[in-house]
Amino acid sequence: MAEESQKWVLMVTAQTPTNIAVIKYWGKRDENLILAINDSISVTLDPAHLCTTTTVAVSPAFNQDRMWLNGKEISLSGGRYQNCLREIRARANDVEDEKRGIKIVKKDWENLHVHIASYNNFPTAAGLASSAAGFACLVYSLAKLMNVQEDNGKLSAIARQGSGSACRSLYGGFVKWVMGKEENGSDSVAVQLVDEKHWDELVIIIAVVSSRQMKQVAPQMLETVETSALIDTGKGSSTKRISYEEAIQNRDFPTFAQLTCADSNQFHAVCMDTSPPIFYMNDTSHRVIGCVEKWNRSEGTPQVAYTSDAGPNAVLIARNRKAATLMLQRLLFHFPPNSDTDLNSYVIGDKSILKDAGIQDIKDVEALPPPPEIKDKVPAQKYKGEISYFICTRPGRGPVLLTDDSHALLNPETGLPK
Ligand SMILES: Nc1ncnc2c1ncn2[C@@H]1O[C@H](COP(=O)(O)OP(=O)(O)OP(=O)(O)O)[C@@H](O)[C@H]1O
Ligand SMILES: C[C@@](O)(CCOP(=O)(O)OP(=O)(O)O)CC(=O)O
């Protein structure tokens, strides 16, 4: 290793997407290694709208591992961070920067400390899977810094030890987390089913349910596994699972939508069947689902699939742009923003869908007619302010390195946050 007196700092910055499960993971067979009791499938979301950026740095001047999340220092003492750091360090290799005269040999990594700065471009711990993007980015960036030679599948088994769902953020497109059989978790890894270009017609709208209604509840999987009579560890018959993967391969939206909605509903049924019962969805979540169900039925074939995780937000997957536009009109009709919210901050992400929907300002929202499927039956109901905002996005790519220094979150001279 270069002399202690040489206070060089070596850094790597990476960006990793978040993901939303369409076949949910719920329940662990090993709490420490985070090994699931079923296979799960997710769609990776476009990092342009939801992503984590992490810079990791090493220097002989650092005297302990430190981390800053969204600008605030956090402790790395938790088991999940320690497991990821240990597993990555164990796989580190020689690193040389000839130009700067820096050489780190494999065994040096045992004594060198790292600084980590991470930023989520979306709210942390708000039901938008920041832990998935965050741990995937931590592991991916450290692996690049330490010249770990393993592929993303092997890295996914490390990210999994930070948060189960994080393993699926190592790839873009549709991703399966294979639960595996080994006790040490070596075969509990993510595999890419198809990349993000395979089904690029899909449009995803996330309805972020008003935070004043949100009660933060950490995933309580253990209680479910111990007490729910409904939990199906195999997630239905293998034929059902195969048809789901085939639906993705064949871009068969009706089958995909039917199985996605059913899995989400079963997940929430299992939560409610837990003792004590867990209620993640609230009235607003139910209203959004009701709106989608009604429209799908009136069309005779599904236009939009819905799914919800351990919180009240609803994720809607539209079969194409036209369906997304019609969906957004319906959502804005039923869930208009509060009078003090401007449209620009109410619909974020890919705003071009708003334009397609012919909505430029709040007056256009107020002028939206009731969706035809509810006309003449019941008076159209509006739930102003129940949704905080909508994020319009699409399936996206996996992790990337950001080589332009301007993206780095740490100062290249000091290794401290910029
Ligand atoms: N960028 C990040 N880098 C490393 N760890 C992160 C990062 N972002 C979040 N985390 C970790 O994930 C935790 C939040 O996870 P939590 O499961 O509570 O919320 P979430 O993943 O945003 O929401 P949900 O799981 O309900 O979708 C944080 O407290 C932190 O420990
Ligand atoms: C409902 C889910 O979102 C549960 C995700 O749980 P986490 O991955 O957040 O849990 P830990 O492994 O304990 O960190 C379904 C899913 O993402 O598959």
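Mind listing the phi-derived Karplus ³J(HN,Hα) values for segment 20-28, rounded to whole Hz, using 6.51, -1.76 and 1.60 with θ = phi - 60°, and x for any glycine or proline?
For segment 20-28, the Karplus-derived couplings read 10, 6, 9, 10, 6, 8, 7, x, 10 Hz, x marking Gly and Pro.
Specify the inter-centroid distance of segment 317-336 and segment 24-101, based on alpha-carbon positions, in whole Å.
First find each Cα centre; the distance between them is then 36 Å.
Working from Cα positions, state the angle (0 to 90°, nearest 10) between the long axis of helix 321-334 and the longest principal axis of the chain.
70
Stretched out fully, how many nm does the piece from Leu401 to His286 gain, at 0.36 nm a residue minus the Cα gap?
37.5 nm
Using r as the Cβ-Cβ distance of Asp151 and Ser339, and R0 as 60 Å, what FRET efficiency do you calculate, to the nearest 0.05?
The formula returns an efficiency of 0.70 here.
Please give every one of the lysines within straight-line cross-link reach of Lys7, meaning a C-alpha to C-alpha distance under 17 Å, and leave out same-chain neighbours fewer than 8 residues apart.
Lys99, Lys103
Taking the Cα centre of segment 304-418 as origin and charging only Cβ (+1 Lys, Arg; -1 Asp, Glu), how large is the dipole, in debye to the nearest 20?
The calculated dipole for segment 304-418 is roughly 540 debye.
Students often forget the sequence filter, so: which aspartates and glutamates lie under 16 Å Cα-Cα from Lys363 once same-chain residues fewer than 8 apart are removed?
Asp340, Asp342
In degrees from 0 to 90, rounded to the nearest 10, what is the angle of the helix 130-145 Cα long axis to the longest principal axis of the chain?
The two axes meet at around 30 degrees.
Given Ile387, Gly180, Pro277, which one lies farthest toward the positive end of the charge dipole of the chain, if we put +1 on the Cβ of every Lys and Arg and -1 on the Cβ of every Asp and Glu?
Going by the Cα projections, it comes out as Ile387.
What size of dipole, in debye to the nearest 20, comes out for segment 139-184 about its Cα centre when the only charges are +1 on Lys and Arg C-beta atoms and -1 on Asp and Glu C-beta atoms?
Charge dipole, segment 139-184, about its Cα centre: 140 debye, nearest 20.
Compute a Gaussian network model of the chain, connecting alpha carbons closer than 10 Å, and tell me which residue from Asp46, Asp97, Asp263 fluctuates the most.
Asp97
Give me Trp199, Trp68 sorted ascending by neighbouring Cβ count inside 10 Å, so fewest comes first.
Trp68, Trp199
Filter the cross-link list Lys106/Lys197; Lys106/Lys154; Lys24/Lys240; Lys28/Lys240 down to pairs whose alpha-carbon distance in this structure exceeds 26 Å.
As for pairs spanning more than 26 Å Cα to Cα, those are Lys106/Lys197.
Find the relative contact order for the chain and round it to a whole percent, using C-alpha pairs within less than 8 Å whose residues are 6+ positions apart.
Worked out over the chain, it gives 22 percent.
Let's see if you can work this out: charge +1 on each Lys and Arg Cβ, -1 on each Asp and Glu Cβ, no other charges. What is the dipole magnitude of the chain about its Cα centre, in debye to the nearest 20?
520
Order by neighbour count: Phe122, Phe135, Phe267, fewest other Cβ atoms within 10 Å first, most last.
Phe122, Phe267, Phe135
Report the calculated FRET efficiency for Val105 and Leu416 (r = Cβ-Cβ distance, R0 = 30 Å), to the nearest 0.05.
With R0 = 30 Å, the Cβ-Cβ based efficiency is 0.70.
Kindly put Lys72, Lys322 in sequence by how many other C-beta atoms sit within 10 Å of each C-beta, fewest to most.
Starting with the residue having the fewest Cβ neighbours, the order is Lys72, Lys322.
The numbers here are math on the coordinates, done by the rules we state, and not lab data. Please read these numbers as outputs of a predicted model, since none were measured by experiment. Please note: Cβ atoms are built from the backbone with ideal geometry, for glycine as well, and neighbour counts cover all protein chains shown.
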